[in-house]
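Here the structure comes first, spelled out in structure tokens, and everything after it is commentary.
Computed from the coordinates by the stated procedures, all read-outs in this text should not be read as laboratory data. What you see is a predicted model; the values in this text were computed from it and never measured. Cβ placement follows ideal geometry from the backbone for every residue including glycine, while neighbour counts extend to all protein chains displayed.
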Amino acid sequence: MVKDILIKGNAKMGSEVYIFNLPPKKTCTPTAWCLYGRNGKPACYALRNRYVFPSVISALEERHALSLQEDFVERMSEEIKRKKAIFFRFHSAGDFYSEEYARKVIEISKSCPNTLFRTTTRRRDLTDVLQELNSLPNFIVRESLDNERPKPVMGLPFTALSHMDIVKKEKTYRCLDDCPACDYYCWQHRDNINFDEF
């Protein structure tokens, strides 16, 4: 059983951030770019590096199972409050896998008004509920764009690779790849974001 429901941010995100991740292929709607965009290998970082370790895969599966439980909202809310989380990232790996799960995340956000939440999503099939989530004062949802899905359609702010045409046409904030250095800009501003491929 997974020891901690939440994990602390990595070197990029910093220790002020807590994260809840899910299995990417099971919960996301990946494009061919996600799966094969790095010379035939995954461009999505959640499909490579440490994410392919058996222990990480197992922990992601356990968190997915936890998210299906009736007491998920209560357990997550209690844990976020206990940790006194200021900044919270849903899904640096994985995505919303159903409307029911998205509504659980809405309830978690409402029960933790002192925490700022953010996420990115590819789940265009869940646009209505994700717009509702994005309307909360402490939650920002961004649509994830890539070379195969270059235009936003969800009515949300977006994240895009820096070389994409939309970054030249739309106002975007350039990710510094160092959340403490930019004072957690993505959590505090509903701007579009651009970032380098890594």
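Key figures
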{"read-out": "Least to most buried among His163, His64 (fewest other Cβ within 10 Å first)", "value": "His163, His64"}
{"read-out": "The chain - percent relative contact order, Cα under 8 Å, separation 6 or more", "value": "20"}
{"read-out": "Full-extension gain in nm, Ile166 to Glu99, via 0.36 nm per residue minus C-alpha separation", "value": "21.3 nm"}
{"read-out": "Theoretical gain in end-to-end length, Tyr173 to Lys151 [0.36 nm per residue, Cα-Cα removed]", "value": "6.2 nm"}
{"read-out": "Bridge type composition, the stretch 7-144 - antiparallel percent by DSSP, nearest 5", "value": "20"}
{"read-out": "Unit charges at the beta carbon, dipole of the stretch 108-183: most positive-side option, Asn134, Tyr173, Val153", "value": "Val153"}
{"read-out": "Unpartnered cysteines - no second Cys beta carbon under 4.7 Å - across the chain", "value": "Cys28, Cys112, Cys175, Cys179, Cys182, Cys186"}
{"read-out": "Amide N of the stretch 149-170 lying under 13 Å from the label point, which is placed 7 angstrom from the Cα of Asp196 along Cα→Cβ", "value": "162-163"}
{"read-out": "Per-residue Cβ neighbour rank within 10 angstrom, fewest leading, Ile193, Ile166", "value": "Ile166, Ile193"}
{"read-out": "Förster-model FRET efficiency, 35 Å R0, Arg48 and Gln188, C-beta, rounded to 0.05", "value": "0.75"}
{"read-out": "Dipole-positive endmost among Met76, Ala11, Leu66 within the stretch 7-144 (Cβ charges, Cα centre)", "value": "Ala11"}
{"read-out": "Lysine pair number, Cα distance threshold 17 Å (strictly under), the stretch 7-144, separation 8 or more or different chains", "value": "8"}
{"read-out": "Rounded to the nearest 20 debye, dipole of the chain from Cβ charges on Lys, Arg, Asp, Glu", "value": "380"}
{"read-out": "Length released on extending from Lys12 to Glu70, taking residue separation times 0.36 nm less the Cα-Cα span", "value": "17.6 nm"}
{"read-out": "Whole-angstrom gap from the stretch 184-198 to the stretch 104-175, using each part's C-alpha centre", "value": "10"}
{"read-out": "Estimated 222 nm signal from helices in the chain, with DSSP H stretches of n ≥ 4 weighted -39500 (n - 2.57), rounded to 500", "value": "-9000 deg cm²/dmol"}
{"read-out": "Spin-label zone in the stretch 124-149 - amide nitrogen under 20 Å from a point set 7 Å from the Cα of Lys110 along the C-beta vector", "value": "126-141"}
{"read-out": "Sorted by Cβ density within 10 Å, fewest first, the residues Trp33, Trp187", "value": "Trp33, Trp187"}
{"read-out": "Set of lysines with alpha-carbon distance to Lys168 below 24 Å, sequence-local pairs under 8 removed", "value": "Lys151"}
